[in-house]
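The values are calculated or read from the model by the stated rules, or taken from the named source; none is laboratory data. Every value quoted in this text rests on a predicted model; they were computed, and no experiment measured them. Virtual Cβ from ideal backbone geometry, glycine too; neighbours counted across all protein chains shown. Surface areas here come from the heavy atoms of the whole protein model, side chains and all, with no ligands, DNA or RNA. Shrake-Rupley method; radii C 1.70, N 1.55, O 1.52, S 1.80 Å.
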Amino acid sequence: MVGSSVEVCLLFWLVGHFGRRFNIGRIRGVDVIYVMTGELTLNAGITVQILIDVFDIKGIVHYGIAGSANDSLSIGDVSVPEYVAFTGSWNWKELHSEEEGLPELRFGAYNLPATGDNLLAKIEFTPEEVYYSNGKPMEEVFWLPVEPKWFNLSSQLVDLELQQCVNETNCLPETPKVVYGLRASTADIFVDNAAYRKYLFSKFNVSTVDEESSAVLMTSITNGVPCVVFRGVSDLAGAATGQKSTTGLLSSSSLSSLAAVNALIVAAEFIGLSGTASLKQEHRSRRYQFHYLVYEKYIWHNHRTSHVEVSW
């Protein structure tokens, strides 16, 4: 599958659940369901909810590709975030409105040749309303937490060997790595702007940007289903125009393919770990693991897409 050494055997698929195809098979000896989320947060959230409603699951392993907002992350690296924020929810403020304690982005600070006022004024980043299925009252949350037990389990993946080469002749100059414990940002925006990239990192300490992770995580939290996130770095979100290999410049499609493969390698290894951990627990009911793949849409539309797996 996508040129990796991951052991995947899709046995059959189910078609007809609201236009989604749920493929059932095994990864690392663990039963999985593999389904496309679609692009952006609305499609991702709907797909996860359908999956949770239709199938009896233990948790969701979400993987995909992302842009890097952190200079310490390189192309091909895989980030394992501890927290994810939706940074696409704003209050658009008046020019001279007072600050209310929430993070703000003033457009005038980015005027050229000099900073000053701007009629677009500023935006104020707002938290999300999170509802719970267990009777817990709704609360406003900015940073959504990854399930702690699964996050801790994923720490065993930091020394995992990842792919460095697109083919026999084109390789990245450095070996990609798994980076654990960072923060991620999601919005229905494809970030390809160096100034906004720098703002996200300086204001929120965000290391990766994507378009689905927070929706997958929020839907999981609402339903009381564990979720973990793996994102392979496919680009630098506007900080650079190209990535050189040992033999020349790599195309964006080559980089996205490599990032997706590395994210899949980490996700598959985690599934194996979670399956082993589940076997150690007595009286477990048998459940499925799920996976969401939107890889081909990145190739055609040049969007960062998400892949998600759900574990039993």
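Name the residue, out of GLY108, GLY116, that is open to solvent by less than 40 Å² (accessible area, probe 1.4 Å), farther than 30 Å from GLY45 by Cα and touching a helix residue (DSSP H, G or I) at 6+ places or on another chain (Cβ under 6 Å).
The unique qualifying residue is GLY116.
Having 2 or more residues that are open to solvent by 30 Å² or more (accessible area, probe 1.4 Å) and modelled with pLDDT of 95 or more is the bar; report the helices (runs of 4 or more DSSP H) wholly within the stretch 206-301 that clear it.
The qualifying helices (runs of 4 or more DSSP H) are 213-222.
List the pairs whose first member sits in the stretch 44-65 and is within 20 Å of VAL209 (Cα to Cα), whose second member is basic (Lys, Arg) and open to solvent by less than 30 Å² (accessible area, probe 1.4 Å), and whose Cβ atoms are under 9 Å apart, counting only residues at least 6 apart or on separate chains?
HIS62/ARG231; TYR63/ARG231; GLY64/ARG231; GLY64/ARG304; ILE65/ARG231; ILE65/ARG304
Kindly evaluate SER306 against the criterion of being modelled with pLDDT under 95, crowded, with 24+ Cβ neighbours inside 10 Å and of a type in the set (Ser, Thr, Tyr).
yes
Condition (residue is assigned to a strand (DSSP E or B), open to solvent by 30 Å² or more (accessible area, probe 1.4 Å), at pLDDT below 90 and touching a strand residue (DSSP E or B) at 6+ places or on another chain (Cβ under 9 Å)) applied to the stretch 84-101: is it met by at least one residue?
no
Evaluate the following for TYR180: is it touching a helix residue (DSSP H, G or I) at 6+ places or on another chain (Cβ under 7 Å), at pLDDT below 95 and either of a type in the set (Lys, Arg) or surrounded by 12 or more Cβ atoms within 10 Å (Cβ to Cβ) (or both)?
Criteria not met by TYR180.
Report yes if THR41 is touching a Gly at 6+ places or on another chain (Cβ under 8 Å), of a type in the set (Val, Ile, Thr), part of a helix (DSSP H, G or I) and open to solvent by less than 10 Å² (accessible area, probe 1.4 Å), otherwise no.
no
Looking only at residues that are part of a helix (DSSP H, G or I) and open to solvent by 40 Å² or more (accessible area, probe 1.4 Å) in the stretch 147-177, which one is farthest from PHE204 (Cα to Cα)?
Among residues in the stretch 147-177 that are part of a helix (DSSP H, G or I) and open to solvent by 40 Å² or more (accessible area, probe 1.4 Å), the one farthest from PHE204 (Cα to Cα) is GLN156.
Check VAL15 against each of (1) open to solvent by 20 Å² or more (accessible area, probe 1.4 Å); (2) on the phi < 0 side of the Ramachandran plot; (3) modelled with pLDDT of 90 or more and name the one condition it does not meet.
Here VAL15 meets the rest and fails (3).
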